[in-house]
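The values are calculated or read from the model by the stated rules, or taken from the named source; none is laboratory data. On a predicted model such as this, the values are computed, not experimentally measured, just so you know. Counting neighbours? That spans all protein chains shown, and the Cβs are built from the backbone with ideal geometry, glycine included.
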Amino acid sequence: MIPKTHRNRAAEMRNIPTRWSAACLALTLIASLALAARKPRKDDGPAAQLSKAPARARSLQNPFTGQSEAAAAGRKIYQQHCAECHGSDGRGLDYAADLHSPAIQDAPPGALFWALRNGRIRKGMPSWSRLPDQQLWQLVTYLKTLH
Ligand code: HEC
């Protein structure tokens, strides 16, 4: 027969994994609560995506810069695809970005093109990669007329 103290030791050893996983679970819970409570960072706003555009995308030139015909075409595409979330005047509905905001107006056209192509799906902005490049640039041209 095993002496009592040894039995207790053995029982304790068996408990160690359970205690560890309980501790890990508690830590995970605390960490996720802390993350959830974290205030949204300044650079996490509706246009934060634009500052993340890779240099190669930022440097792309809009072939239609300042061309009013392209802007008019972009306006039509905008009313068709974008107005439902951003409003027909681009001021943004609910949580969709206000397209008149400086963050968007000051962004390089290439960054806007990139943002339209990629979207920010997690935040509710769809990807527009199914639109041909020409239409994306027309949209960018239109967006730049909103001040
Ligand atoms: C289903 C709703 C929805 C539609 C449709 C939509 N957007 Fe958005 N858009 C959003 C939301 C939400 C954001 C804010 C995303 C965020 O928090 O980063 C956003 C952000 C943006 C931004 C800022 C950059 C970015 O990616 O965050 C631009 C520019 C933009 N939209 C342009 C457009 C254009 C142009 C169209 C039409 C081709 C369009 N959006 C269609 C919801 C939409």
Could you count how many residues in segment 76-117 are assigned to a loop (DSSP other than H, G, I, E, B) and not charged (D, E, K, R)?
14
Before we move on, is Y95 at pLDDT below 95, in the same structural domain as L50 (by TED's automatic domain parsing) and either in contact with a Phe, Trp or Tyr (Cβ under 6 Å, 6 or more places away or on another chain) or among the aromatic types (F, W, Y) (or both)?
yes
Could you check segment 52-65 and list, in sequence order, the residues that are within 16 Å of the ligand (Cβ to nearest atom) and either in contact (Cβ under 8 Å) with a residue 24 or more places away in the chain or more than 18 Å from the chain's Cα centre (by Cα) (or both)?
A53, P54, A57, R58, L60, N62, F64
Identity of the residue in segment 80-98, touching a residue at least 24 places away in the same chain (Cβ under 8 Å) and near the ligand (Cβ under 6 Å from one of its atoms), that ends up surrounded by the fewest Cβ atoms within 10 Å (Cβ to Cβ)
Y95
Residues located in segment 30-59, provided they are part of a helix (DSSP H, G or I) and either in contact with a Phe, Trp or Tyr (Cβ under 9 Å, 6 or more places away or on another chain) or at pLDDT 85 or above (or both)
Q49, L50, S51, A55, R56, A57, R58
Conditions first: (1) over 21 Å from the mean Cα position of the chain (by Cα); (2) buried (at least 16 other Cβ atoms within 10 Å of the Cβ). A111 passes all but one, so which condition is the exception?
(1)
Mind checking which residues of segment 109-135 are within 8 Å of the ligand (Cβ to nearest atom) and free of Cβ contacts under 8 Å to residues at least 24 places away in the same chain?
G119, P126
